[in-house]
Amino acid sequence: MKTVAANGKRKAGGKRWHVAVIVVLLIYLFLPIVGTLLFSLAKEWQDEIFPNSYTLEWYAQLLADMRFYEAIGRTVLVSVLTVAITLTIMIPVIFVLHVYFPNGEKLLQISIMLPFAFPPVVSAIGLIKIYSSGPLAITGTVWILIAVYFVLIQPFIYQSVRNSLNTINAIDLVEAAEVLGAGKMTAFRKVVLPNILPGTLVASLLSFSMIFGEFVMSRMLVGGDYETIQMFLYNQMKTSGQSASAVVITYFLLILLLSGLVLKLGSWKPRGYKKAALQEEE
Amino acid sequence: MSFVQVEHVMKSYGEVPVLKDISFSVEEGEFLTLLGPSGCGKSTLLRAIAGLNDIDSGKMFIGGRDITSLSPKDRQVGMVFQSYALFPNMSVFDNIAFGLKMGKMKKAEYTPLVEQMIEIIDLKGKENYYPNQLSGGQQQRVALGRSLVKRPKVLLLDEPLSALDAKIRRSLRNEIRQLQRKLNMTTIFVTHDQEEALTVSDRIIVMNNGEIEQQGTSEEIYTLPGTEFVARFIGSYNVWSRPEMEQAGFADIPSGDLFAIRPEVISIVPQAAVAAHDAGYMYTIGYMKHYAILGNVVRYHVDIGGLDASVDVLNDSGLLHLRENEAVRLAIPMEKCQPLKKLG
Ligand SMILES: Nc1ncnc2c1ncn2[C@@H]1O[C@H](COP(=O)(O)OP(=O)(O)OP(=O)(O)O)[C@@H](O)[C@H]1O
Ligand SMILES: [Mg+2]
């Protein structure tokens, strides 16, 4: 009996310990954001923990600044374009390798790991060297960004596409479709694509968020020529700390929204699955 | 020429031969079963006929047409996979309609055909269900309907029932058989379950190690196994060599070196009748070891000079009072002693 009680106590103690760790972690994560928020709202802030008086001036200024919207527009454009291009190229490639050349998939796996092996700064310098002259002089344009981001996000896209192909038993589906009279292309379009797209959605949104927040590459490869939201923030920091804080908070809210979307869509299923779930509930 | 003709088909994976010079034929409307242990090349052969695997050499014909180098979509075969391979993004209706749509049929043309097929496979009212809303048996029926609705020249079934539990498996295999008879559908069925093969087939091809071991009707395969492999694979045969039988005390053994004797042809005769000695029978004395009740038959294991003899007796013959180590006398009709070719 004694041991049971002791166990119970230890359990309760363990739980308290968990909660404490989580609280500390949350404080650690949110304190800078709260600080930034307060700073962006402060009118005067002297000798106290909290500001002496508040203002929305910085937000008003920011929201009236066309440059801010343009920067967001550019970032969204780059992100969407990159994800779209990556999906368009990677899905057929992975599909063909997976179904028809399973041995080739190993090669792809190796190439996928490359971006992890090189730190962004290193690869950026290499890329500038190659692409600032010669037949493909795209340094300083949005295209080099898209090309670099492609490399950056392809591991995530690859993983999710491959997992989806495995989950749906793509090889069997293609074979079944072929025996039923479908060509290889038709089989891919009608049977494989609709079943893997939902699975790649989350990876796409994650990639989107990643590009949305990327700074090093965009600063080094394109810089002021193509002001993304991160570049805009960087420039703001040089003029006014408080205005930069307002940018950070707005940006944070945008990412929060995006993450919420990812989480929500993470549980999204295509037509057939959704209906099944509904009927089970009935 | 038969309706389906497979001639000298060879296939290796790297250095490993998987199909070694396979030739056989199937008549129109026939239900042929490829039976063999796991890894003997059944699926490889079936997939070669469907065009999903290429072959190294040999020729294949369906309805007189050489299909050896045609792509799967042009072979006019239907195939049901072990994993069903239903399209998860399509309803039952759309799954079944898929093949017809691929054949460039208009909606107005294929709708009645699909509805008719849904009725045949007994899934009326479930047209709009998606595959994951169906039970395993229902999914398998959709897979069957999807292949049959195109009226393929040959239906290929690769262990279509192996993912189902025993009861559904039995009822579904009878349904498949009835449907096949009704549509007079030439069918090649792959299984590693000898009971399944014996119950549904017109003819069975027993495969082993990429080769055809024996072919014949269910009756022939069951009663007249030609090789040791077939006798052992088909079930509970007693497989004994001549020296073993001599050791066990049998006299008048027919000519041959290796024999297969089914448990149900052996009878346990009363000790009192020791003197009786019918011509055409072999006799010996043994000791009861143990028995198991297999439903309507009881299987006794009798020790005869070191050999273990399985003996099946109908479950109503009142022999159950036989005790362990009790001496019994066995009689085997000589003509039921099936001589075998040795393995290898
Ligand atoms: N893609 C492949 N590469 C190499 N070897 C293969 C390949 N596919 C099959 N094999 C080999 O060919 C042999 C026959 O395989 P197959 O799938 O035809 O067997 P099976 O008779 O259908 O067995 P099961 O009853 O288990 O399905 C096996 O030994 C297998 O290892
Ligand atoms: Mg197989």
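The values are calculated or read from the model by the stated rules, or taken from the named source; none is laboratory data. None of the values given here were measured: they were computed from a predicted structure. No Cβ is skipped: glycine too gets one built from the backbone with ideal geometry, and neighbour counts run over all protein chains shown. Calculation scope for accessible area: heavy atoms of the full protein, side chains included, ligands and nucleic acids excluded. Shrake-Rupley method; radii C 1.70, N 1.55, O 1.52, S 1.80 Å.
With θ taken as phi - 60° and the Karplus curve 6.51 cos²θ - 1.76 cosθ + 1.60 applied, the whole-hertz 3J(HN,Hα) list for region A:204-220 is 4, 5, 4, 4, 4, 4, 5, 5, 4, x, 6, 10, 3, 4, 5, 5, 7 Hz, x standing for glycine and proline. Annotation: B:Y110 carries an accessible surface of approximately 20 Å², with a 1.4 Å probe and no ligand, DNA or RNA atoms counted.
With a ≥ b ≥ c the root eigenvalues of the C-alpha gyration tensor of region A:66-281, is it rounded (a/c under 1.5), prolate (a/b larger than b/c) or oblate? Verdict is oblate for region A:66-281. How many angstrom lie between the C-alpha centres of region B:214-272 and region A:201-267? Cα centres, region B:214-272 to region A:201-267: 80 Å. Pairs of Cα atoms nearer than 8 Å and 6+ residues apart set the relative contact order; for chain A it is 25 percent.
Nearest 20 debye, what's the magnitude of the dipole of region B:4-233 about its Cα centre given +1 on Lys and Arg Cβ and -1 on Asp and Glu Cβ?
Once rounded to the nearest 20, the dipole reads 980 debye.
Ligands, DNA and RNA are left out, and with a 1.4 angstrom probe the accessible area of region B:4-233 is 41 Å² per residue.
Suppose accessible area is computed on protein heavy atoms with a 1.4 Å probe; arrange B:S69, B:S2 from highest to lowest.
In descending accessible area the options line up as B:S69, B:S2.
Each Lys and Arg contributes +1 and each Asp and Glu -1, all at the Cβ; summed about the Cα centre of the protein assembly as shown, the dipole is approximately 1940 debye.
Let me have the 222 nm mean residue ellipticity of chain A computed from DSSP H runs of 4+ only, each contributing -39500 (n - 2.57), with the sum over all residues rounded to the nearest 500.
Taken over chain A, the calculation gives -26000 deg cm²/dmol.
Taking Lys and Arg as +1 and Asp and Glu as -1, the other residues whose beta-carbon sits under 12 Å from that of B:M1 total -2. When a/c is below 1.5 the answer is rounded, else prolate if a/b is larger than b/c, else oblate, so apply that to region B:1-70 with a ≥ b ≥ c taken from the square roots of the Cα gyration tensor eigenvalues. Judged from the Cα gyration tensor, region B:1-70 comes out oblate (a/c at least 1.5, b/c at or above a/b). Ordered from highest to lowest accessible area with the whole protein assembly present and a 1.4 Å probe, B:E196, B:E7 read as B:E7, B:E196.
Residue by residue along B:83-93, Cβ atoms of other protein chains within 10 Å of the local Cβ number 6 on average. Rolling a 1.4 Å probe across all protein chains gives B:H192 an accessible area of roughly 90 Å².
Note: relative contact order over chain B, using C-alpha pairs below 8 Å and six or more positions apart, is 17 percent.
Taking each DSSP H run with n ≥ 4 as -39500 (n - 2.57) and averaging over every residue of chain B yields -8000 deg cm²/dmol at 222 nm. Exposed loop sites were defined as trypsin sites (Lys or Arg not before Pro) in DSSP loop states (anything but H, G, I, E or B) carrying at most 14 other C-beta atoms within 10 Å; in chain B the longest segment without such a site runs B:125-322. Per-residue shielding of B:62-74, expressed as the average number of other chain Cβ atoms within 10 Å of the residue Cβ, stands at 2. Taking all protein chains together, B:W240, A:W58, A:W17, A:W143 sort by accessible area into A:W17, A:W143, A:W58, B:W240, largest first [probe 1.4 Å]. A crude spin-label estimate for the pair B:S69 and A:E48, with each label 7 Å from Cα along the Cβ direction, gives 9.0 nm.
Taking region A:239-255 and a reference point 7 angstrom along Cα→Cβ of A:R67, the backbone N atoms nearer than 20 Å belong to A:239-252.
The local environment of B:C40, defined by Cβ-Cβ distances under 15 Å, has a net charge of -1 under the rule Lys, Arg +1 and Asp, Glu -1. For the pair B:E119 and B:T217, label points projected 7 Å from Cα toward Cβ lie 3.5 nm apart. B:E119 contributes an accessible area of around 110 Å² to the protein surface, as traced by a 1.4 Å probe with all chains present. In a fully extended conformation the segment linking B:M334 and B:A166 would gain 56.8 nm over its present Cα-Cα distance, using 0.36 nm per residue.
For chains B and A, what's the summed buried accessible area, probe 1.4 Å, to the nearest 100 square angstrom?
Interface between B and A: roughly 2200 Å².
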